Amino acid sequence: LSFELHLDGEPVIVDPGSPVYARDPAQRNAHRSTAAHNCVEVDGEEQAEIDPSRLFALPEGAYARVDRFETSPELDILEGSHSGYRRLGAGLLVRRALTLDKRSRALRVHDTVEGEGMRTLRIHLQLPDCLVQLRGPRGEERHRAIELIRGAPIDETVAIELGPRDSPRAVVLLESGTEVSLEDGAYATGYGEVRAAVRVCLRMRRALPVQLRWVVLWVGERGQSCA
């Protein structure tokens, strides 16, 4: 259930790529991991278990599916789910709903993890560079987020600004109760081509079932596309 976001042709949230294959198995597998992708990770586990000796195989274990897809001039909606973590507990199911709101120039994300018990959840956002700042939400951003994430309190302490400081591309706002940190990452632009990048980590420890709603707001007059 990972995704990429590009605005006006500029990569903003990306797939990590694969800079090497058999030459460096550890690096190959690191770029294939759940933590390297823009999705929900449960208890630090892989949603599809990786056999480190099989660099070109990933046996089906998540059983991901598309539950809904609709497109219109105003909204594109994609809802999906997977049961890759069912080995951690009966009924453990991950759902993600992505809504590309072309009117509000925003991407709404609604993540749900069903099941029982206390779990540590992480959502990683892989960036193509190191251009990110943590700051407080600004007035207009806050109002836009409240309108888009109805029924959930907005975190008043942190906004994640993506892009150059003097010309940001987007800003991420969250509902309250989520820890935010920045980690070292790597972005492969081609085979043998890798550059330093930042991975944003959203973390929480909660009893299941749990929901997390967050939104990516375009900054300026950029266009939008989501894949």
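The values are calculated or read from the model by the stated rules, or taken from the named source; none is laboratory data. On a predicted model such as this, the values are computed, not experimentally measured, just so you know. All Cβ positions, even for glycine, are placed from backbone atoms using ideal geometry, and neighbour counts span all protein chains on display. Surface accessibility is based on the protein's heavy atoms, side chains included, excluding ligands, DNA and RNA. Shrake-Rupley method; radii C 1.70, N 1.55, O 1.52, S 1.80 Å.
Keeping to region 87-141, report how many residues are open to solvent by 40 Å² or more (accessible area, probe 1.4 Å), under 13 Å from the mean Cα position of the chain (by Cα) and farther than 22 Å from Leu182 by Cα.
Residues that pass the stated criteria total 1.
Give the residue that is nearest to His110 (Cα to Cα), with candidates limited to residues of region 170-196 that are small (Gly, Ala, Ser) and either crowded, with 20+ Cβ neighbours inside 10 Å or touching a helix residue (DSSP H, G or I) at 6+ places or on another chain (Cβ under 7 Å) (or both).
Ala170
With (1) farther than 16 Å from Ala188 by Cβ; (2) without any contact (Cβ under 8 Å) to a residue 40 or more places away in the chain; (3) of a type in the set (S, T, N, Q); (4) open to solvent by less than 60 Å² (accessible area, probe 1.4 Å) as the list, and Ser53 as the residue in question, which single condition is left unmet?
(4) is the only condition that Ser53 fails.
Before we move on, is Glu74 under 22 Å from Leu5 (Cα atoms), out of contact with any Leu (no Cβ under 8 Å at 6 or more places or on another chain), at pLDDT 95 or above and open to solvent by 20 Å² or more (accessible area, probe 1.4 Å)?
Answer is yes for this residue.
I need the full set of residues from region 142-157 which are open to solvent by 20 Å² or more (accessible area, probe 1.4 Å), in a loop (DSSP other than H, G, I, E, B) and in contact (Cβ under 8 Å) with a residue 12 or more places away in the chain, in order please.
Pro153, Glu156, Thr157
Checking the structure you have, find out if any residue of region 8-22 is open to solvent by less than 60 Å² (accessible area, probe 1.4 Å), touching a helix residue (DSSP H, G or I) at 6+ places or on another chain (Cβ under 7 Å) and among the hydroxyl-bearing types (Ser, Thr, Tyr).
So far as region 8-22 goes, yes, one or more of its residues are open to solvent by less than 60 Å² (accessible area, probe 1.4 Å), touching a helix residue (DSSP H, G or I) at 6+ places or on another chain (Cβ under 7 Å) and among the hydroxyl-bearing types (Ser, Thr, Tyr).
Consider only pairs whose beta carbons are under 9 Å apart and that are at least six residues apart or on different chains; among these, list those whose first residue lies in region 120-134 and is more than 28 Å from Leu208 (Cβ to Cβ) and whose second residue is among the hydroxyl-bearing types (Ser, Thr, Tyr) and part of a strand (DSSP E or B).
Close Cβ pairs (under 9 Å, with a partner that is among the hydroxyl-bearing types (Ser, Thr, Tyr) and part of a strand (DSSP E or B)) amount to Leu127/Tyr187; Pro128/Tyr187; Pro128/Thr189; Asp129/Tyr187.
Would you check if Glu46 is among the acidic types (Asp, Glu) and open to solvent by 30 Å² or more (accessible area, probe 1.4 Å)?
yes
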